[in-house]
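Any read-out appearing in this document is the output of simple, stated calculations on the displayed coordinates, not a laboratory observation. Computed from a predicted model, the values in this text were never measured in an experiment. Cβ sites come from the backbone with ideal geometry, for glycine too, and all protein chains shown count toward neighbours.
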Amino acid sequence: MFLQTALLVLRKDFAIEVKSREILYTTLLFALSCVLVFSIAFVKEGQPLEDAAAGILWIAVEFAGTLALGRTFERERYSETLRALLLAPASRAAIYVGKMLGIVLLLGVVELLLAPLVAILFHASLFAAPALLAALLAAGTVGFAVVGALFAAMLVRARSRDVMLPILLYPITIPVMIAGVRGTAALLQSPPDRPTVTMWIMILAAFDVVFLTLALWTFEPVMTE
Amino acid sequence: MRRAFVPMLLVAGLMLAYAPVMIAQGAYEQSMGLISKILYFHAPSGMLMLLSAIVCGVASALYLWRKSPAADRVAIASAELTALFGLIVIVTGPLWAKKAWGIWWDWEPRLTMSFVGWLISVSYLFVRKYAGPGSDKLGAALAVFGSVNVPFIYVSVNIWRTLHPKTTVVPTLPPGMRGPFWFSAATLFLLYLLLLTARIHLERQRATLDELYLAEED
């Protein structure tokens, strides 16, 4: 029942997105613009700085993710559909999980394009260990989405939510950024430093578990008026 | 607490007045010189920042799941004090670091954690001030997430890089510095208690005033 509700919410978001593709396209384009801006800051005499690719990849994901979160929940504000969702006789936590999975999927698609692009543009051997990269990106994205979906949902009714989301989200997701960037940097060494990458994936997994539990627990009292 | 407030205020005032004398008479640290006196201010403020952050986290959790308005008042009061003592910590720290390490700032675990912790406390105050209706629960969730986050930040930056004097510095202080240190710590702790009490009292009066307005309208 729980999973069914979550998947139903996910399917609803997916159906809306497939029709307009607005969030996917804007998020992708935004991520590309981020990469462009960073290329100016972190390329010296045609050569990217050491480990720059790792930072650029993760910052682009985090910034684009913030934008996507804002847009996804902005959509729910039109004609008060979020209230309708919350009034539905279903577990609140399931609704949260559905929304969160939507963000994870969206960011997954963005990363599918972003990672090869960063690898090419910054001469980074990101794909030396594809399975580890995939695990790192997946664990990091889930961690970001777990916190992001909760805060974006809480902020739907708040004033000045556009500024508030990054202000709240970035300090809380600092561990995700550190683990993601350091893990990717270890991956970029030749040969890839596998034990270090695995350790960062473990830290990310621990973060995911703790914060998912906390978010499932908090969503109910926070969304009750 | 209210009856003890005025005597406590007097004691705290006297202690604050005497603390500089005591610090000036404390043992002179040879390698660092005068700049080492920052310790008497910096380390206790750091302890109080951590203490009030923990109080804020626990009070917020109580507010979120027990819906106790008193817990919310404690949370907002201690969030303000976290921001205040955090500011003292991250201003006095670099002043000392410039002399000791030759740099103002370094991204090592304790510094990063204090900075992020301070940022979270300030964003909590922002939420309470600017987010409008429902901001109390938003802030409470932020405080709970923030306090759970601190160990993660510590562990990850610890693996990433480690310069700050270890926590073992305080217990192993030379005898001439131990007296002034704990005196300063006690003084600041008393100040913290006074500020917390006064701030909670203010929130309580605001709540009472709101109730009275509502009663008047009905």
### Task
Specify the inter-centroid distance of the stretch A:143-172 and the stretch A:3-52, based on alpha-carbon positions, in whole Å.
17
### Query
Taking N as the number of residues in chain B, what is its Cα Rg relative to 2.2 N^0.38 Å?
1.14
## Note on the structure
Kirkwood radius from Cα pairs of chain A plugged into Stokes-Einstein at 37 °C, 0.692 mPa s, gives D in µm²/s equal to 182
## Note on the structure
For A:101, B:142, ascending order of other Cβ atoms within 10 Å (fewest first) is A:101, B:142
### Query
Helix A:22-42 versus the longest principal axis of chain A: what angle, 0 to 90°, nearest 10, using Cα atoms?
30
### Task
Would you tell me the mean number of C-beta atoms belonging to other protein chains that fall within 10 Å of each C-beta in A:165-176, as a whole number?
6
### Task
Any chance you could check the Cα centroid distance between the stretch A:178-225 and the stretch B:1-54 for me, in angstrom?
39
#### Entry: the stretch A:162-225 shape via C-alpha gyration tensor axes, a/c threshold 1.5
oblate
### Per-bin percent of Cα-Cα distances, the stretch A:34-121 [10 Å]
15, 36, 23, 16, 8, 2, 0
### Query
How far is helix A:92-121 tilted off the main Cα axis of chain A, in degrees rounded to 10, range 0 to 90?
20
### Message
For a quick check of your reading of the filter: which GluC sites (Glu not before Pro) in the stretch A:1-77 sit in a DSSP loop and have no more than 16 other Cβ atoms within 10 Å?
### Response
A:45, A:50
### Query
To the nearest 500 deg cm²/dmol, what mean residue ellipticity at 222 nm is calculated for the protein assembly as shown from DSSP H runs of n ≥ 4 alone, each contributing -39,500 (n - 2.57), summed and divided by the residues?
-29000 deg cm²/dmol
### Query
So how do A:210, B:144 line up by other beta-carbon neighbours within 10 Å, fewest first?
A:210, B:144
### Query
Straight-line reach from residue B:67: which lysines have Cα under 18 Å away, leaving out those fewer than 8 places along the same chain?
B:137
#### Entry: Under Karplus coefficients 6.51, -1.76 and 1.60, residue-wise ³J(HN,Hα) of the stretch B:191-203 in Hz, glycine/proline x
4, 4, 4, 5, 4, 4, 4, 5, 5, 5, 4, 4, 4
### Summary
Computed over chain A: longest principal axis from alpha-carbon atoms vs helix A:2-20 long axis, angle to nearest 10 degrees, is 70
### Kirkwood Rh (inverse of mean 1/r, distinct Cα pairs), the protein assembly as shown, angstrom
24.1
